[in-house]
Amino acid sequence: MWRNFQAGTTTAVVIIPQGMAYALVAGLPPIHGLYASLLPLVAYAFIGQSRELAVGPGALDTLLLGSSLAAIEMVNAANYGTYAAVLTLEVAAIQLALGLLRGGFLVNFLSRPVLSGFTSAAALTIALSQMKNLFGYAVNKSSRFDEMLAQLATGLPKANFQTATIGVGSVLLLLGLKRLRKGFPAPLLVTALAILLVRALQLQKHGVAILGAIPAGLPRFIFPRLDTHGLLALVPTALTIAFVGYLTNISIAKTFAARNRYDINANRELFATGTTNLVAGLSQGFPVSASFSRSAVHASAGSTSPYTLLITAGWVGLTLAFLTDYFYSLPKATLAAVIITAVSGLVDLKSVSHLWRVERSDMWLLLTTFAATLVIGIEQGILIGVACSLGLFIYRTTRPHTAVLGRLGDTSDYRNVKHYPNAITYPGILIVRFDAQFYFGNVTFFKDLMRRLENEAPTPLHTVIVEACSLTQLDSSADATLNELADDYQRRGVNLCFASVKFPILRVMKASGLWSKLGEDHFFMNVDDAVRHYDESSPCLKMNSTTWSTPLS
């Protein structure tokens, strides 16, 4: 019990300054960050399964919220909060609907390279958006990276010296404390020191921007309303936040679950995520998700149950009820420092070097998403990343890996002759392995492959053996192609046979008539049996072959 109390308290001292800081990224008053850090935690504690997940305001959610609302013409200072709340409710509706329909698998369309590239670019955009607060210069509101970079170049010479000193000093102190001791509640300590410094030196009189008055009291439940045009304008952003937020949550939850050896139900987590956003939207908050750094603090502090978040929520409630006056003199430069240090860990340079060694096509996918997010825009960047990811998947499945096989010495093992040049091949026999599902998208590739391999054969073929152990799907187009190939080979006196066919594929072949057309003696348990049956140089071995002699039920 004491460990959970300690963990909940530690997480509270992290989430309170972070919540207010992320509210600024979202374009909302800091109090809304505390609202988003209260009831969503309670909701997750009762529905979620992760013992370490620390939900609350997150970097990506708030950036998407702020950038999308800034681009909608009908949004202004008077209705900004209403649009933010409605967007949160739309996110909740999407996540809850997917949870009820068991649609958690849809987040698989956000591949890891896409998410990594998007997250890294978003982290840089968030950090750059806070430079105006960190150094104290005025800029026009923008969510485009190039515009913010230009504003930094022109605004930095006009920076307020006192603000810049507090901002840079806060960043250095946060980084130093983080390196000195992991899990130490550095944001709260730096926040307290900054408040004391501003009060002691009256720095607000020297141009240092402070938060000012923060209304006290717990949030009220309000159901926001918009017209149909406003609701539809928010749908693309809601879809993006719903998918990105859930994928962030489930990734972090599964990481800790695997580390601590317990199970997580993906659809239940999706429903829990939707519920947290539902209460956030109804209680004047904004979209919430988990943070890996915050969850790491939560875990390292000793959390052993989702109910630990109730303790964190209790401290946030006490802050709202009694302690908001103490944040009056908090400089915005310190909150900017909290944000910048929090998102610095989201820039994923390791994945680039790792993918360069492992799979370079995924590395280019990551870099494409990264560049598109920075240059074109936040929402467009992730959409381009998803489109490229799907395009890469389609390309890979339409041009799958194939292999011509040969025997390894006197064994019954057959391997790719490209990688095993000493593997034995047999005159007149072609052994081909097709490492993919066989469907309409790659039938042309398969026909071209078989034609090319026959033309390249050193002697005329009398037998073609298809090693089908890697075939996991056979649709009607692919089955029709195999029937056409069988007819062509039969006219020319070439045997077409299959080895190691899985039962679902064999069932399709039997239903389509391919089984009866070829005869059951053309289906073998393995490649070695097929070769022994058709190798003309070893007729004595024919009697040792094993075919599918028992019809399928």
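The values are calculated or read from the model by the stated rules, or taken from the named source; none is laboratory data. Keep in mind it's a predicted model, so treat the numbers as computed, not measured. As a convention, Cβ positions derive from the backbone with ideal geometry for all residues, glycine included, and neighbour counts pool all protein chains shown.
Given the condition of a type in the set (S, T, Y) and either part of a loop (DSSP other than H, G, I, E, B) or surrounded by fewer than 24 Cβ atoms within 10 Å (Cβ to Cβ) (or both), answer yes or no: does some residue in segment 46-65 qualify?
yes
Can you pull out the helices (runs of 4 or more DSSP H) entirely within segment 434-546 that have at least 1 residues that are under 20 Å from S412 (Cβ atoms) and touching a residue at least 40 places away in the same chain (Cβ under 8 Å)?
Counting at least 1 such residues, we get 527-534.
Would you mind stating whether L374 is surrounded by 16 or more Cβ atoms within 10 Å (Cβ to Cβ) and not in a helix (DSSP H, G or I)?
no
Specify which of the listed residues (A337, A342) is assigned by TED's automatic domain parsing to the domain that holds E52, modelled with pLDDT of 85 or more, outside any strand (DSSP E or B) and closer than 29 Å to Q6 by Cβ.
Criteria check complete, one pass: A337.
Which condition from (1) part of a helix (DSSP H, G or I); (2) crowded, with 23+ Cβ neighbours inside 10 Å; (3) modelled with pLDDT of 90 or more is the one that A7 breaks?
Unmet condition: (3).
Quick check on my filter: what residues within segment 170-196 are surrounded by fewer than 18 Cβ atoms within 10 Å (Cβ to Cβ), touching a residue at least 40 places away in the same chain (Cβ under 8 Å) and farther than 23 Å from H298 by Cβ?
none
When only residues in segment 231-242 that are of a type in the set (G, A, S) and touching a helix residue (DSSP H, G or I) at 6+ places or on another chain (Cβ under 7 Å) count, which is surrounded by the most Cβ atoms within 10 Å (Cβ to Cβ)?
A242
Please verify whether G245 is in contact (Cβ under 8 Å) with a residue 12 or more places away in the chain, within 20 Å of S120 (Cα to Cα) and crowded, with 22+ Cβ neighbours inside 10 Å, treating the condition exactly as stated.
yes
I'm checking my understanding of the structure. Among residues of segment 397-414 that are more than 19 Å from R452 (Cβ to Cβ) and in contact (Cβ under 8 Å) with a residue 24 or more places away in the chain, which one is surrounded by the most Cβ atoms within 10 Å (Cβ to Cβ)?
Selected residue: Y414.
Tell me which helices (runs of 4 or more DSSP H) are completely within segment 73-166 and hold 1 or more residues being in the same structural domain as T276 (by TED's automatic domain parsing), within 27 Å of C388 (Cβ to Cβ) and hydroxyl-bearing (S, T, Y), or say none if there are none.
112-129
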